[in-house]
1. Could you check Asn129 against (1) open to solvent by less than 60 Å² (accessible area, probe 1.4 Å); (2) at positive phi and say which number it fails?
2. Checking Ile125 against (1) at pLDDT 85 or above; (2) over 30 Å from Glu172 (Cβ atoms): exactly one of these is not met. Which one?
3. Just one of Lys234, Lys222 is open to solvent by 30 Å² or more (accessible area, probe 1.4 Å) and over 19 Å from Asp259 (Cα atoms); which is it?
4. What number of residues within region 376-404 satisfy the criterion of being open to solvent by 50 Å² or more (accessible area, probe 1.4 Å) and in contact (Cβ under 8 Å) with a residue 60 or more places away in the chain?
5. Being in a loop (DSSP other than H, G, I, E, B) and either open to solvent by less than 40 Å² (accessible area, probe 1.4 Å) or at pLDDT 95 or above (or both) is the requirement here; does Ala243 meet it?
6. Kindly establish whether Gly199 is open to solvent by 40 Å² or more (accessible area, probe 1.4 Å), modelled with pLDDT under 95 and among the small types (Gly, Ala, Ser).
7. Identify the single condition in (1) modelled with pLDDT of 75 or more; (2) open to solvent by 60 Å² or more (accessible area, probe 1.4 Å); (3) not hydroxyl-bearing (Ser, Thr, Tyr) that Asn255 does not satisfy, given that it satisfies every other one.
Amino acid sequence: MTSSSAPLDAPEKKKSNPVLKWIFRIVMFFVILFVLAIIAMNVLNGTGSVQKSSIENIMGDAFKGKGFIKNLNQFSALPYVTLEMQDSVVLDKENETKLMMNADYFAFHTGLINIILKRPIFRRIEVKNFFAAPGTIAEKAIIIDYLMPVKDTNTLSVKGQYSQLPFAFTIEMEPLYTGGDLTYGFKLAKESKVEGTIGDLGVSFKLSNAHGGFFFDALTIKEKDKTLLTGSLKVSSGWKIIADLDINNAPLHANLNYDAAATDGKTRIKGELRIKSFDLSAIGTENDRFAALMDAVNTILGKINAPVDPIYSKKDAPEKNSALFAGLDIDIDVQLKNMQMQGAQLGDLSIPLKIENNVLKLDPITGQINGGQLGGALSLSENKAMEITYDHDLTLSQWDFGQFLTDREANNNDIKGKANFKSKIAATAPKFDALINNANGEFSFVIADSEMKSGVADKLMSGLVSAIMPTLEDSSITKVNCAIGQFNIKSGIANADTLFADMKRVQLVATGNVDLINQQYDLKLTPEAKRTALLDITPSVRIKGPLQEPKISPDVFSLGTKLGGALLGVVNPVFLAASLTDFGLGSSHSCSQFTEDKTGGNKKMDSKDEAKQQTPPTQTNENKE
């Protein structure tokens, strides 16, 4: 008998909850992470031999030597970065008597997250007697006497020196806890006041964060009681620098890019620099803030580039390329806008400044000065013998000196005229102040069709007009048809190859020299009357003495004689070697009749010109000379 039964139903399988699964996975992830963190902290944190040797290796790599720590008081890496150690040094691997780094005491404490996010927040920071050898963390030696919070004040104080340049600053900080002090931590305030000194300069500014960089506002640099510079400076990430400064009441705007991580070790700066309303008359005076600032900078650079670093013997000091512009790669477009001189508006200049391969070049220099066109180039370098080499080639054409004097309110339409100048000088010397001793080249000028009242001319020329023509009235008009000068410069002495002036009544020929080294004149001017009836002409005069205050007197060898010679029909070619073509002036220029003829010989005045000058002039109310 066969029996049958119904099939049994299998039990239904339960489905897992995906949410619970993911929660479990996340919990396990954090459990594992926590366990790993505990293990890591046990390895990374502590003051045992493992931690100590690890820090010594890091110190050795950072300061290019072998590190040693006498006392490691505290160390942790997670979650806070903490390091406190005493009597730590790094010695050169090959010469253990050579100190690479020393720190009597170092303490630092902040959160790891602050380091990651680059936030200037500190639980503690203190440094005492720190030294870093040249070529480790900077090109020169760094000494920090101390870096620590100042008790009972919300400031951080630092004092030390870079090479032989001392510095000291106090930085305003903000306590982490309201109403507290810096004992329990501090951070850089939104706007922190910074005051201190760099060498002999006093420096103050307000420091704040600015989109990944720093903003230096209310910047002031002083030398004793003299303010040299004011303004603001912004340094963005990537070392983009934007500055708005004021020097000598001349606003300066700079937009520069500084390459702080050049692989070839060079300092690269590129960008533009604009200076407005720069007053040239302040140059060389006690109010010359530019010169004072440059002197201060030179003093600072002198201390930084001292031949021997502190506590470092000369034989141990790293070798350094001491060439004048070594390691510099500069390309800055300099614009001088609205230049002035004692109230006179001069014009604008464009000067591309480039330093490359140890050579500084300003080329091409272009611009306008009182309507005159300025052009040329200048260079400065150092040769293999460590001598400074300088040269320039500059030309100023059609400078309106009448307009210049009018702008200075020194001219009531009494002076009219335009001038042309050309200067080409080169020099080589072991130092800057000796360049003038070795200056060689030439300087020349051409002035034509200018006129001024005789009294004004006499004042501008330090009494020269009255010395030559003592009976000439101040109200009469002195007209200069043509004036030509050409000086040959050798070893700092400018010898007058050509120095000639043609006026209505006289012609002047000068000989002698100008001592550029001692800033002295030594010239003899001999006038020649154009009409025999004119007997009130001094035979010749001497110009001697300082360039600023020359002494003009009759030549003792010419006293007792009177000149009544005939008009110079042909000008002596010995004194007129200058050519108008050197100034870009054509044959229509008023001086063309006196200059060297390119076809050979010198131009002569035609019969009409000669007759015109032989004929006595008609006297007018203006009493023109």
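The values are calculated or read from the model by the stated rules, or taken from the named source; none is laboratory data. The structure displayed is predicted, hence computed values, not measured ones. A quick note on method: Cβ atoms are made from the backbone with ideal geometry, for glycine too, and the neighbour counts reach across all protein chains shown. Accessible surface is based on the protein model in full, side chains and every heavy atom, while ligands, DNA and RNA are left aside. Shrake-Rupley method; radii C 1.70, N 1.55, O 1.52, S 1.80 Å.
1. (1)
2. The failed condition is (2).
3. Numbers: Lys234 fails: over 19 Å from Asp259 (Cα atoms).
Just one listed residue meets the conditions, Lys222.
4. 1
5. Working: in a loop (DSSP other than H, G, I, E, B): no; either open to solvent by less than 40 Å² (accessible area, probe 1.4 Å) or at pLDDT 95 or above (or both): yes.
It is false that Ala243 is in a loop (DSSP other than H, G, I, E, B) and either open to solvent by less than 40 Å² (accessible area, probe 1.4 Å) or at pLDDT 95 or above (or both).
6. Values: open to solvent by 40 Å² or more (accessible area, probe 1.4 Å): no; modelled with pLDDT under 95: yes; among the small types (Gly, Ala, Ser): yes.
Spelling it out, it is not the case that Gly199 is open to solvent by 40 Å² or more (accessible area, probe 1.4 Å), modelled with pLDDT under 95 and among the small types (Gly, Ala, Ser).
7. Result: Asn255 fails condition (2) only.
One line per residue, one yes/no per condition, for (1) closer than 26 Å to Ile198 by Cα; (2) not in a helix (DSSP H, G or I):
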{"site": "Thr97", "(1), (2)": "no, yes"}
{"site": "Met101", "(1), (2)": "yes, yes"}
{"site": "Asn114", "(1), (2)": "no, no"}
{"site": "Pro134", "(1), (2)": "yes, yes"}
